[in-house]
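Since the structure comes first, as structure tokens, the remarks are kept for the end.
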Amino acid sequence: MSPKILIIGAGASGIAAATRLYENGYRNLIILEAENRIGGRIHTVPYADNVLDYGAQWVHSNVDNVVYDMAAKYNLVEVEAHREDELCIKSNGEEVPVELSNRIVDVLEHSVDDVDDLKRYSRSLGDYYSESFHKALQDGKFADIDSETCYQIYQSFLNYHNTYNAVDSVFEMSAPGLLEFTDHQDEYLINWRTRGFKTILDLMMKRLPEQKATPIPIENHVFFNKRVTNISYPSDPDQPVRVTCSDDSCYVVDHVIVTVSLGVLKEVYHTLFTPKLPQLHQNAIEGLYIGVIDKMVLEFEKPFWPNGWHGFAMLWNKNDLEELRNSDKSWIEGVASFFVPEHQPNLLVGWVYGKYARTMEGLPEKEVVDGLLFTLRKFLVKYEIPEAKSFTRSTWYTNRNFRGSYTSRSMKSDILNAKAAHLAQPLVNSLGLPVVQFAGEASHPEYYSTVQGAVGSGWREADRIIELYRNKRMTVEFSKL
């Protein structure tokens, strides 16, 4: 009899696990999804002239990337023009020459190239950048740039990395923890043209005409609006695993693959598992970091900016920043930059990170729009900024089914020695056989925070089950000889 396998979460890792199992003949599958859609932190919707990705948007790297490999096979993605020459604008409208900002950013970016030094460093990534910046100042590398501009660009650099890593502050991040991530980002802006990131789900379910394959009917196995409240996993191999939901439904199965976000695990792990999780898993959940970044999307009737303009990073003058902090728009400090997405010529998207993002999510839509337009009009003095035609935003923190955007390594991770590999350890019965398994980007030791990490972890856990029953069949067949 085919084992009964339950997957919690229909995001990238859940769909990856389900399709891998289905293709290997495992059809006794149940997928419980708390949302009313598949995709998880991949959420593509029709918007304006194309589609909008509220979550994952770019394929990061074309090297050792399963997502890129699947997509490139059918020519579904393209590499965007590089944006190294990002325009920095001060809050009085003054534009900083790109060659000046690039010099400071290059020094900071390359400061982490010394792997041995980074390994030995015991303080935060923010401290590492700070020391590198002040050393460059002392060495006279920026002697021809006024000090205020230097510090503004330095702060903009930190804000960019707060955003990129989805953290409240890089001063919470582990410096040596940066080395856990395998970075092949020679090409870091690879988009899906007019399809959006949901295409990776279609690829895994073989739904695209280009694949010329029989679709995998995963939707027949998905139950939506199902929030799991308890997973009971007895050590007795003769006893099944029981999964209970908030609507009192109960599922009795042989194996469970948990793919919920780390943010959800942090919130519910004390009550989600019976018996309680081993200390190794508890340390991993407590120690690994998940933060939040959000997108705020303004649609205009037509662009007020010139062709070829990609957006800008914001440099706050001291007095303006003080005034902002004392206003009802203080959350704007966490808006690092605005950009114009490819294939969406009328959109301007602002990024906001950390505590500022959490504040933004709780504000009425009108207040957010007013704050964004205030900011654009303050910085872009050479343009006439019209009212927006429409607005939308992501809310990854306040949604109880996510509680964050993606994971990274913090100082707490170092203190608790929290590793993705620890989270990925299955819970086993008295025979040592896996009964509860963990997948999701947070559980990938090299590609955490990415969709390729999520997909890879889903495949890993599906393969664990496939290999288990392959070995069981071989043992039975051998015993009959």
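Just order 250-261, 278-289 by mean Cβ neighbour count inside 10 Å, highest at the front, would you?
The packing order, highest mean first, is 250-261, 278-289.
Per residue of the range 284-300, what does 6.51 cos²θ - 1.76 cosθ + 1.60 with θ = phi - 60° give for ³J(HN,Hα)? Whole Hz please, x for Gly and Pro, Karplus curve as stated.
Calculated HN-Hα couplings, in order: 5, 5, 5, x, 5, 9, 10, x, 9, 10, 10, 9, 10, 10, 9, 9, 10 Hz.
At a Förster distance of 35 Å, what's the computed FRET efficiency of Gln425 paired with Phe224, Cβ-Cβ distance as r, to 0.05?
According to the calculation, E is roughly 0.75.
What's the percent breakdown of Cα-Cα distances in the chain across 10 Å bins, shortest bin first?
4, 19, 28, 25, 15, 7, 2, 0, 0
Quick check for me: using +1 on Lys/Arg Cβ and -1 on Asp/Glu Cβ, what's the dipole size of the range 344-471 about its Cα centre, in debye to the nearest 20?
Value, rounded to 20: 240 debye.
Give me the extension gain from Arg207 to Asn317: residue separation times 0.36 nm, minus the current Cα-Cα distance, reported in nm with one decimal.
In short, 34.5 nm is gained.
So, with a 1.4 angstrom probe, what is the percent of accessible area on the chain that is carbon and sulfur?
Carbon-and-sulfur percentage of accessible area, whole number: 50.
Accessible area per residue for the range 368-420 in Å², computed with a 1.4 Å probe and the full protein assembly in place, what is it?
46
Quick one: which of 302-312, 343-353 comes out on top by average Cβ neighbours within 10 Å, and what's the full order, highest first?
343-353, 302-312
Long-range amide H contacts for Thr407: which residues qualify at under 5 Å (H placed 1.01 Å from N, peptide plane, sequence gap of 5 or more or a different chain)?
Ser449
Please list the equivalent ellipsoid semi-axes of the range 264-387, computed as the square roots of five times the alpha-carbon gyration tensor eigenvalues, in descending order and whole angstrom.
Taking √(5λ) for each eigenvalue gives 37, 18, 13 Å, largest first.
In degrees, nearest 10, range 0 to 90: what is the angle between the Cα axis of helix 125-138 and the longest Cα principal axis of the chain?
Helix 125-138 and the main axis of the chain meet at about 30 degrees.
Under unit Cβ charges (Lys, Arg +1; Asp, Glu -1), what dipole magnitude, rounded to 20 debye, does the chain have relative to its Cα centre?
The calculation lands at about 2040 debye.
Lys472 to Thr392: FRET efficiency via 1/(1 + (r/R0)^6), r the Cβ-Cβ distance, R0 51 Å, to the nearest 0.05?
After rounding to 0.05, the efficiency reads 0.55.
So what's the back-of-envelope 222 nm ellipticity for the chain, counting only DSSP H runs of four-plus at -39500 (n - 2.57) apiece and dividing by all residues, rounded to 500?
Using -39500 (n - 2.57) per qualifying helix, the result is -10500 deg cm²/dmol.
Setting aside same-chain residues fewer than 8 positions from Lys276, which lysines have a Cα under 20 Å from its Cα?
Candidates past the 8-residue exclusion: Lys266, Lys419.
Each residue of the range 391-408 in turn: what ³J(HN,Hα) in whole Hz from Karplus with 6.51, -1.76, 1.60 and θ = phi - 60°, glycine and Pro shown as x?
8, 8, 8, 8, 9, 6, 8, 6, 6, 5, 8, 10, 6, x, 9, 6, 9, 7
Cross-link partners among lysines for Lys212, C-alpha distance below 29 Å, same-chain residues fewer than 8 apart left out?
Lys73, Lys198
Please list 3J(HN,Hα) in residue order for the range 322-336, calculated via the Karplus relation 6.51 cos²θ - 1.76 cosθ + 1.60 where θ = phi - 60°; whole Hz, with x for glycine and proline.
4, 5, 4, 5, 9, 10, 7, 10, 4, 4, 4, 4, x, 8, 6
Does the range 219-299 classify as rounded, prolate or oblate by the C-alpha gyration tensor (a ≥ b ≥ c root eigenvalues; a/c under 1.5 gives rounded; else a/b over b/c gives prolate, otherwise oblate)?
In terms of gyration-tensor shape, oblate.
The values are calculated or read from the model by the stated rules, or taken from the named source; none is laboratory data. From a predicted model like this one, the values you see are computed outputs, not experimental measurements. With ideal geometry, Cβ positions are generated from the backbone for all residues, glycine too; neighbour counts draw on all protein chains shown. The protein model used for the area step is the full one, side chains on, heavy atoms only, and it has no ligands, DNA or RNA in it. Shrake-Rupley method; radii C 1.70, N 1.55, O 1.52, S 1.80 Å.
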